[in-house]
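As structure tokens, the structure follows; a few thoughts come after it.
The values are calculated or read from the model by the stated rules, or taken from the named source; none is laboratory data. For clarity, every value in this text was computed on a predicted model and none was experimentally measured. Here Cβ is always computed from backbone atoms with ideal geometry, including for glycine, and neighbour counts include all displayed protein chains. To get the accessible areas, we keep the full protein, side chains included, count just its heavy atoms, and leave off ligands, DNA and RNA. Shrake-Rupley method; radii C 1.70, N 1.55, O 1.52, S 1.80 Å.
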Amino acid sequence: LESSADKITMIQLADDFGTQKGLMISPEMFQEFFAPSMKRLINLAHSYKVKVFFHSCGSIIDIIPDLIETGIDVLDPLQPRAKGMIPQELKRRFGDKLCFHGSIDVQRTLPYGTPEEVKREVKDRIEVLGPGGGFILASSHNIQPDTPVENIIAMYETALEEGTY
């Protein structure tokens with residue numbers, strides 16, 4: 001950061017704390033063992049005016065307040081099929097404190113849905129997560145090889161058509 005912060009907009013930190021159904025560790029363990037060092041790294045990035053993009057898959061709803069306390073700017077991914085990761089609820093509770101990245105489902109909609117279902121999901125996510133800003137539309141994780149190209153195109157085309165608010 002010292003030598004190149006003026007060329008860096010954002011850094012990424014990553015640690016998977018969630019599973020499909022909940023956390024891998026307790027919120028207390030997160031607070032004791034992870035949050036202090038994360039906060040130091042994030043404060044360092046912020047001291048250089050660099051934003052922090054944090055990745056953790058799964059159901060991490062129970063530590064989102066702690067992640068906000070560490071200072072993250074962007075939460076990746078919003079995994080809508082993980083327990084408690086409901087876009088409307090996340091926007092309501094945390095939308096004024098975080099930017100959300102993701103939310104287009106890679107577990108069912110993108111690989112197994114129709115292009116129309118993909119379009120509906122993209123429109124819904126823009127409507128729910130877009131107002132007031134703080135949303136970067138993307139797949140909820142890496143797009144896998146079994147995803148039909150038509151669905152990927154439907155996601156991007158719909159984002160381009162509907163994504164300005």
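How large is the accessible surface per residue of segment 1-155, computed with a 1.4 Å probe and reported in Å² as a whole number? The answer is 52 Å² per residue. From the mean inverse distance of alpha carbon pairs (Kirkwood) and the Cα radius of gyration, derive Rg over Rh for segment 20-149. Value, to two decimals: 0.99. Rounded to the nearest 10 square angstrom, HIS46 shows an accessible area of 60 square angstrom against a 1.4 Å probe. Can you figure out the FRET efficiency of LEU13 with ARG81, using R₀ = 30 Å and their beta-carbon distance, to the nearest 0.05? About 0.80, to the nearest 0.05. Ordering ILE86, ILE143 by accessible surface, largest first, gives ILE86, ILE143; the 1.4 Å probe counts only protein heavy atoms, with every chain in place.
Among GLU32, GLU121, the order of accessible area from largest down is GLU32, GLU121, computed with a 1.4 Å probe on protein heavy atoms.
Per-residue accessible area for MET10 at 1.4 Å probe radius, Å² rounded to 10? So the heavy atoms of MET10 present about 80 Å² to solvent.
The accessible surface of the chain, taken with every protein chain in place and a 1.4 Å probe, is 53 percent carbon and sulfur. Exposure check, 1.4 Å probe, all protein chains in place: CYS99 carries approximately 30 Å² of accessible surface.
Residue order by solvent-accessible surface for LEU44, LEU67, LEU160, LEU137 is LEU160, LEU44, LEU137, LEU67, largest first, with ligands and nucleic acids left out and a 1.4 Å probe. Here LYS97 is the anchor, and the lysines within straight C-alpha reach of less than 19 Å, apart from those fewer than 8 places off in the same chain, are LYS39, LYS49, LYS51. What shape does segment 24-80 have by the C-alpha gyration tensor, where a ≥ b ≥ c are the square roots of the eigenvalues, rounded means a/c under 1.5, and otherwise prolate means a/b greater than b/c and oblate the rest? Since a/c reaches 1.5 but b/c is at least a/b, the shape of segment 24-80 is classed as oblate.
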